[in-house]
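The values are calculated or read from the model by the stated rules, or taken from the named source; none is laboratory data. Predicted model only: the values in this text are computed from it and were never measured. Glycine gets a Cβ as well: all are built from the backbone with ideal geometry, and neighbour counts include every protein chain shown. SASA here: full protein model, heavy atoms, side chains in, ligands and nucleic acids out. Shrake-Rupley method; radii C 1.70, N 1.55, O 1.52, S 1.80 Å.
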Amino acid sequence: MLDNHQKNIATFIHLSTFSRFIIPFGNFIGPIVLWMANKEKSEFVDNHGKQAINFQISILLYALVIGLLSVPFFFFNIFSSFDFIDIDLFDGIHLNITEPSPLLYIGGGLGALAILAFILELVFIVIASLKARDGEAYHYPLTIDFLK
């Protein structure tokens, strides 16, 4: 039977990932510290700790992939004959808006995907915290199981 202390620790493991907004790499440090200190005491806490850490590592890998995919599109747009906006400030303001490069659409799509992934990450963390509070197991979607 789960007691409130175990549920609270599991909930705080998930919520501690929000510490990244205050502390660099807090989304790794917080869950790892709480999980390491309490994994021997409860299998419930151990499972939630592993899930939170696996999810954060997976999110980091996904963000790196999206970032690495978007960098070439960004540089191709900068170094090509990119004539999206042409402003001439010396002879008055001359604004020339032409058809943007298709690479800009791809880079923008990857940026929109990154924003959507960030919002979904926040939603999944809140759902996991609520499940832990209620004493239920939770498996984050699209998570690679590094810790088993």
For His5 the rounded accessible area (nearest 10 Å², probe 1.4 Å, non-protein molecules ignored) is 110
FRET efficiency for Leu61 and Ile22 from the Cβ-Cβ distance with R0 = 25 Å, rounded to 0.05, comes out at 0.60
Between Asp145 and Leu130, the two model label points (7 Å from Cα along the beta-carbon direction) sit apart by a distance in nm of 2.6
To the nearest 0.05, the calculated FRET efficiency linking Leu116 and Val71 through their beta-carbon distance, R0 being 22 Å, is 0.70
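If you rank Lys41, Lys131 by how much accessible surface each has, with a 1.4 Å probe, what is the order from largest down?
Result, largest first: Lys41, Lys131.
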